[in-house]
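The structure appears right after this line, and notes come after that.
Just so it is clear, none of the values below were taken in a lab; they were calculated from the coordinates. The structure displayed is predicted, hence computed values, not measured ones. Note that we place each Cβ from the backbone using ideal geometry, even for glycine, and neighbour counts take in every protein chain shown.
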Amino acid sequence: MNLNKLFPRLTIRAKLAIAFALLAVVPLAAVVAVTTGVTTGHLHAGARAALRHEVERSRAQMERSLAQLESDVAYLAYAVLGPLLDGAPAADWRSAARLASSFLAAERTLFRVQLVDADGRVLLARRAPDGGAASAEQPEAEAVYYAWRAQSAERGRHLLLPVELRGGGVESDGARPIPAVAVLIPLRTREGELRGVVVGEARAAELFAHLDLASPTLPGVTGLVDATGLYLYHSARKRDWSSLLASNTEVSLRRDFPAAVVAQVLSGRAGTSRTSDARLVSFVPLSLPGSAIGPLTLYRAVPLAAVAAPARRYLESTALMSLPLMVLVLGLAVVAGHQFTQPIYQLRQAARRLARGGAPPALDVATNDELEDLAADFTAMATSLVSHRRRLEELLAERSRALQHKHAELADILAHSADAIVGLGLDRRVRVWNGGAERLFGYRADEATGRDIQELLGPRTAGAEREAAFLERELAERGEVVNYQTSRLARDGRLLPVSLTQTLIRGGDGRPVGYSLILRDTGAQARLEAQMRRSERLAAVSVMAAGLAHELNNPLAVISNRLECMERDARERCGDCFLERDLDVLREHTARLGALTADLLRFAGDGAGEPGPVDVAEVATRVVGLLERTFAARHIRLEFCATRGLAPVFASGGGLETVCMNLLLNAAEATPAGGCVTIEVRPSAQGDSVELRVADSGPGVAPELRERVFEAFFTTKGGRGGTGLGLAVCRSVIERCGGRIWVEGGAGEGARFVVSLPFTWLEG
Ligand code: ADP
């Protein structure tokens, strides 16, 4: 028997208890079953034998009583009363009556005797002396009944009937009738015609007295039935004798037993049978040799429960006795189970602690058997596991740190990449949005994440749809699109030219998981290239200008020198005032040429000094100091505002002075008298650079000229000595320091020139 399958959820202790209990109970149950079976078998056999014996004994007595009764009545019928029917004289009637009376006095069983004619009239009636005088006035109904039964009797047959005697001269126990058995001997002519019937009545109580005493050992029922199964006697119903009368089929043998048993009982053979409702029936036919009474059968039925009662009592007492035994066995099982399972529970607890990540406690198992060995093996295994786990945890922590470092590096690269790097899911929704993308398109990462990339950046045109279809196809076929030149919409509505590279990303199992999208601003590149071209051109112009300035300087020096000589001569010798005026004009123009060559040389970039850390506010203060009188002379208000203590910028101090000077002089020239010029030094909004702003209240710069004013030789002051080099020099100086310069404000608003220079963060 597999207890695990029977009780899969029971603990070992419970299973052990059950096993112990079964071990104790099964042999006990087997012994009890066998002994009970044997005992019950013996009891049944004994009961059968006892029953048979009782029935046999009763039969012998019954046969004797009935034979005696029949022969008594037959004698009276054939020898004494029968001849009276042949027209006997009254003396014969009297002597027959006397004879009958003395016969009844001698016979104890016979109670009354009657001669009834075929019509049911009582011709003579005598009863036992202790029953009082009988008269011929018997109840007519009884006599008619007897005559009727005799009429229907088979020829040569005597009848035996259960009857009740009441009234009509028969003393009865008050209103209670007397149960009796009547022997009917029909008297017929030679032709078989009924002439009369002699009836001998015997008290049932006396006739069946021995049957009433026939159940000394077992409780049960004794019955006497005729060939049709009708009762002559029934021990349980004898108090209700009337129910047996008149061939009452309601109480026949057929009502009391199954058909098979009835057939056996009425078969004319002796035997013992067991009914389906657990009764033992022993039956025997009465043998009445020479009797004319039909075949009779005597039976006795006892309930098997009564037979098996001793066995049941034995079972009950055994069960009662085994209860304390069971309790004892279960107690022993619990104690033994505890002994066996204690180490197992300890091991289980330790294994759980180990599984949760803790070190298992020291096991206290000293059973001196395999369990102790198992505990030792477990401890060794646990120790090794714990040390392995520690090593693994250390390794894991190390790997995690390296991974975090790598991740941080990658995140840094991603965040600071100038290109827009975007991670997309297969549904084209944004999952990663780096700093480059934020700067290029103007959306923050939290705004862009989760949105459809086409909705976010795609230009909404028919061409855009065709392009999207093309890109889809390329991605499906090749898995990537590289440097595809297109344009995308920024948040502010600008259409940015971009170079697009999109790649399908596959997971470890090779299935597509998303896309990487890199967008490079090709507009910025174009601007850079234009700037480079301009720088190159500027460099060429610088070289040319430097050469030209040097070439001009020498003749100018000679002309100046000669002019001085000529002036001196004119003053000393001629006193020609016209000549002196002409010479003044010449000197003036020569001075202008000198200024031009100085400008050209500065433009060429020399003399600006070596670059280094420069405080822009300090430079601006110096230049403002130099130009204050110039502004005052022109009646222009000069306002100066500077944030002190800003970080330095990496530039040439002289170059920055030139820039400052040029911007302020240009502003002064553009501003009418009474106007205002402001110069301001402050950190940029991002805090990574310093801004120098020079604003005036002049006419401003028209939008279309905002780039051109920085070109070399662009001037609107042709007749007023403009060289068109001032702003070109400024841009050249500023861009060499890594900064930018631009002009803001439209025509009529006044101009604002802004110089932006990145801070130099000096270490320490
Ligand atoms: P120049 O002053 O010799 O003309 P610049 O390069 O300094 O050469 O200036 C170029 C041109 O830019 C000027 O001719 C003028 O038209 C324009 N400009 C410069 N500064 C201003 C200003 N503050 N307001 C208006 N226009 C200006």
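When CYS641, CYS737 are arranged by Cβ crowding within 10 Å, least crowded first, meaning fewest neighbours, the order is CYS641, CYS737.
Give me the number: length gained by fully extending THR630 to PHE470, i.e. 0.36 nm times residue separation minus the C-alpha to C-alpha distance, one decimal in nm.
On the way: separation 160, 0.36 × 160 = 57.60 nm, distance 6.56 nm.
That pair, THR630 and PHE470, stretches by 51.0 nm at full extension.
Rounded to the nearest 20 debye, the dipole size of the chain about its Cα centre is 2860 debye, using +1 on the Cβ of Lys and Arg and -1 on the Cβ of Asp and Glu. The per residue volume of the convex hull around the alpha-carbon atoms of region 53-122 is 99 Å³. Computed on region 221-370, with alpha-carbon pairs under 8 angstrom and 6+ residues apart, the relative contact order is 17 percent. Over region 314-370, all Cα pairs binned in 10 Å intervals from 0 give whole-percent P(r) values of 20, 28, 21, 15, 12, 4, 0, listed from short to long. Of the GluC sites (Glu not before Pro) in region 685-724, the ones in a loop by DSSP (not H, G, I, E or B) with at most 16 other beta carbons within 10 Å are GLU707. Each of GLU193, GLU618, GLU393 was scored by other Cβ atoms within 10 Å of its Cβ. Listed from fewest to most, they are GLU193, GLU393, GLU618.
Temperature 10 °C, viscosity 1.306 mPa s: under these conditions the Stokes-Einstein estimate for region 1-121, based on its Kirkwood radius over C-alpha pairs, is 73 µm² per second.
Computed on region 312-410, with alpha-carbon pairs under 8 angstrom and 6+ residues apart, the relative contact order is 18 percent. Pairwise Cα separations in region 356-399 fall into 5 Å bins from 0 onward with the following percentages, short to long: 5, 21, 23, 17, 13, 9, 6, 4, 2, 0.
State which stretch of the chain is the longest one without any exposed trypsin sites (Lys or Arg not before Pro), exposure meaning a DSSP loop state and at most 10 other Cβ atoms within 10 Å. Each step should come with its number before you reach the end.
Details: sites that count: ARG9, ARG155, ARG190, ARG356, ARG460, ARG644.
Here the longest run is 461-643.
Overall shape of region 10-56 was characterised from the C-alpha gyration tensor. The equivalent ellipsoid obtained from it has semi-axes of 43, 7, 4 Å, in decreasing order. The relative contact order of the chain, computed from alpha carbon pairs under 8 Å that lie at least 6 residues apart in sequence, is 7 percent.
Kindly identify region 369-427 as rounded, prolate or oblate by the Cα gyration tensor criterion: order the square roots of the eigenvalues as a ≥ b ≥ c, call it rounded if a/c is under 1.5, otherwise compare a/b with b/c, prolate if a/b is larger, else oblate.
On the way: a/c = 13.94, a/b = 3.44, b/c = 4.05.
Because a/c hits 1.5 or more and a/b fails to exceed b/c, region 369-427 counts as oblate.
In the chain, the C-alpha radius of gyration followed by the widest Cα-Cα span (Dmax) gives 73.8, 239 angstrom. Around the amide H of THR367, modelled in the peptide plane, lie the amide H atoms of GLU372, all under 5 Å away and 5 or more residues distant in sequence or on another chain.
When a footprinting reagent is the concern and you count Cβ atoms within 10 Å, what order do ASP412, ASP86 take, fewest first? The partial results should precede the final answer.
Details: ASP412 11, ASP86 8.
Fewest-to-most Cβ neighbours within 10 Å comes out as ASP86, ASP412.
Shown here for region 444-534: chymotrypsin sites (Phe, Trp or Tyr not before Pro) in loop regions (DSSP other than H, G, I, E, B) with at most 15 other Cβ atoms within 10 Å, of which there are none.
3J(HN,Hα) couplings calculated from phi for region 40-48 with the Karplus curve 6.51 cos²θ - 1.76 cosθ + 1.60 (θ = phi - 60°) are, in sequence order, 4, x, 4, 4, 5, 4, x, 4, 4 Hz; Gly and Pro show x. Apply the Debye scattering formula to region 417-479, with a single equal point scatterer on each alpha-carbon and no solvent, then give log10 I(q)/I(0) at q = 0.18, 0.22, 0.30 Å⁻¹. Calculated log10 I(q)/I(0) at the listed q: -0.71, -0.98, -1.19. Farthest toward the positive end of the dipole of the chain, out of PRO177, PHE378, PHE111, is the Cα of PHE111, where the dipole comes from beta carbon charges about the Cα centre.
Once the chain from VAL144 to LEU705 is taken as fully extended at 0.36 nm per residue, the excess over their C-alpha distance is 185.7 nm. In summary, region 334-435 shows an alpha-carbon radius of gyration equal to 2.03 times the 2.2 N^0.38 Å reference for compact globular proteins.
What fraction of the Cα pairs in region 632-764, stated in percent, has a spacing above 20 angstrom? Write down the numbers at each step before the final one.
Values: 3989 of 8778 pairs.
Looking at region 632-764, the distances longer than 20 Å represent 45 percent of pairs.
In region 271-392, the C-alpha radius of gyration followed by the widest Cα-Cα span (Dmax) gives 36.1, 117 angstrom. With R₀ fixed at 25 Å, the C-beta to C-beta distance from ALA411 to THR760 puts the FRET efficiency at about 0.35.
Each principal axis of the Cα cloud of region 281-343 was taken in turn, and the coordinate range along them, longest first, works out to 92, 16, 12 Å.
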